[in-house]
Amino acid sequence: MKTQAIVTIAKRFFFGNLLAATMFLSANANTTDKTAAFEATKAEVKYTGVDKDNQLSFKVTYSNPSGSTFLLSVLDEQGEILYKSHFEDKNFNKTFKLPKSEVSKLTFVIEDPKTAAIEKYSVNVKTSVQEEVVVSKN
């Protein structure tokens, strides 16, 4: 009975975490008047999972056919800059890894200084753990 209860708990814990991992992040594009210059599919932020070091991975892609300079910033929940850099890649593709325990909200900001266009992606991280304890009399 003990082995069966432990296996059941382990399965539920694993599938609960798997379900939570697939649902706890959402990257929503916030648009403003300045974003009119961006095409709908020009930039994308995707959650790619948690690695073996318990770090969240996000893949940022940006189509920049002209090769003009753009600025990419990653901000935390207080608006503090975690990362900021200029790029000129025509097909930008970069993966960002952040410690799972230190992240609850992120904002990815892509700015085109030439057109003053700004595109923001907000990511909310919610982690939930489900515990089940079974006590049985033998």
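Computed from the coordinates by the stated procedures, all read-outs in this text should not be read as laboratory data. Values in this document were obtained by computation on a predicted structure and should not be read as measured data. Positions of Cβ are backbone-derived with ideal geometry, glycine not excepted, and every protein chain shown enters the neighbour counts.
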Practice task
Report yes if some residue within the stretch 64-74 is surrounded by 14 or more Cβ atoms within 10 Å (Cβ to Cβ), of a type outside the set (Gly, Ala, Ser) and more than 19 Å from Asp112 (Cα to Cα); otherwise report no.
Solution key: no
Completion exercise
Of the residues in the stretch 120-131, those that are surrounded by 11 or more Cβ atoms within 10 Å (Cβ to Cβ) and either touching a helix residue (DSSP H, G or I) at 6+ places or on another chain (Cβ under 6 Å) or part of a loop (DSSP other than H, G, I, E, B) (or both) come to Val125, Lys126, Thr127, Gln130
Completion exercise
Residue count, the stretch 72-90, condition under 16 Å from the mean Cα position of the chain (by Cα) and among the polar types (S, T, N, Q), comes to 1
Completion exercise
Across (1) closer than 13 Å to Ala43 by Cβ; (2) loosely packed, with under 12 Cβ neighbours inside 10 Å, Ala117 clears everything bar (2)
Practice task
Go through Val103, Val134 for me and flag whichever is surrounded by fewer than 15 Cβ atoms within 10 Å (Cβ to Cβ) and of a type in the set (Val, Ile, Thr).
Solution key: Val134
Completion exercise
So the strands (runs of 3 or more DSSP E) completely within the stretch 47-110 holding 3 or more residues that are within 19 Å of Ser128 (Cα to Cα) are 55-63
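Return a yes/no flag: does the stretch 86-95 have any residue that is closer than 23 Å to Lys42 by Cα and touching a helix residue (DSSP H, G or I) at 6+ places or on another chain (Cβ under 8 Å). Step through it out loud before you land on a result.
Narrowing the stretch 86-95 to residues closer than 23 Å to Lys42 by Cα: 86-95.
Now drop any that are not touching a helix residue (DSSP H, G or I) at 6+ places or on another chain (Cβ under 8 Å), which leaves none.
Within the stretch 86-95, none of the residues are closer than 23 Å to Lys42 by Cα and touching a helix residue (DSSP H, G or I) at 6+ places or on another chain (Cβ under 8 Å).
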Problem - Residue under evaluation Asn54, criteria (1) surrounded by 14 or more Cβ atoms within 10 Å (Cβ to Cβ); (2) of a type outside the set (Gly, Ala, Ser); (3) on the phi > 0 side of the Ramachandran plot, criterion not met - result: (1)
